[in-house]
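The values are calculated or read from the model by the stated rules, or taken from the named source; none is laboratory data. These numbers come from a predicted model, not from an experiment. Ideal geometry is used to build each Cβ from the backbone, glycine not excepted, and the neighbour counts take in all protein chains shown.
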Amino acid sequence: MDATENDILEQLYRRYYGSAVLYTLSLCGSQHLAEDIVSEAFVKAYLSLPSEIPSFQFWLYRVCKNLWLDHLRRQKFQAGEDALWNLADQDTPESRYLRSEQNRALWHAIASLPPLDRELVTLHYFSGLPLNEIAPLLGKSHAAVRQRLTRLRHTLKQRMEEQGYGL
């Protein structure tokens, strides 16, 4: 890589690293593993970037998910939710966001969702991806993703209200 390519990679890294770690954390449940996967994903995504993609962020998330699936196959590792539950106690950029009691309760509600639902919520609300980019990443239709997200918002709202938080 020449100096210009290094600058581009550094800019992409600064812009997308945090959201990619959060997304990958929603998949694997381990802060350290998520960071390792994202670091590897940046290199792989940059080196194998097709000439036409909807966005680098979309491509990066796809690479992260594939690396996570590769890790599962290699390690036969079953992700636990303990790391997600303990995220609020770690000193990371994500944990600083989650420090308030309501945000922590919401994060616990999200962490209790099934993995695919947790991934959908993380991609849309924390990573800011539009539904038309999330649908192919999850292998679902746009309509199915939109409907599932609507149901998830209702479920999360109910769970928060049950805990005394009005949303």
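Among the candidates Leu113, Leu131, Leu138, the residue that is under 12 Å from Ser26 (Cα atoms) and either at pLDDT below 80 or not aromatic (Phe, Trp, Tyr) (or both) is uniquely Leu113.
Any idea which residue in the range 116-163 is nearest to Ala105 (Cα to Cα), counting only those that are of a type in the set (Lys, Arg) and out of contact with any helix residue (DSSP H, G or I) (no Cβ under 8 Å at 6 or more places or on another chain)? Full working, then the answer.
Residues of the range 116-163 that are of a type in the set (Lys, Arg), as a first pass: 118, 140, 146, 148, 151, 153, 157, 159.
Cutting the leftovers down to out of contact with any helix residue (DSSP H, G or I) (no Cβ under 8 Å at 6 or more places or on another chain) gives us 151, 153, 157.
Working: Arg151: 19, Arg153: 14, Lys157: 11 Å.
By that ranking, first place goes to Lys157.
All conditions in (1) loosely packed, with under 14 Cβ neighbours inside 10 Å; (2) more than 13 Å from Glu119 (Cβ to Cβ); (3) of a type outside the set (Gly, Ala, Ser) hold for Leu69, with the sole exception of (2). Contact annotation: residue pairs with Cβ atoms under 9 Å, 6 or more positions apart or on different chains, pairing a residue in the range 56-74 that is among the aliphatic types (A, V, I, L, M) with a partner that is outside any helix (DSSP H, G or I), are Val63/Ser48; Leu72/Gln78; Leu72/Ala79.
Note on the range 137-154: residues that are touching a residue at least 12 places away in the same chain (Cβ under 8 Å) and more than 18 Å from Ser19 (Cα to Cα) amount to 5.
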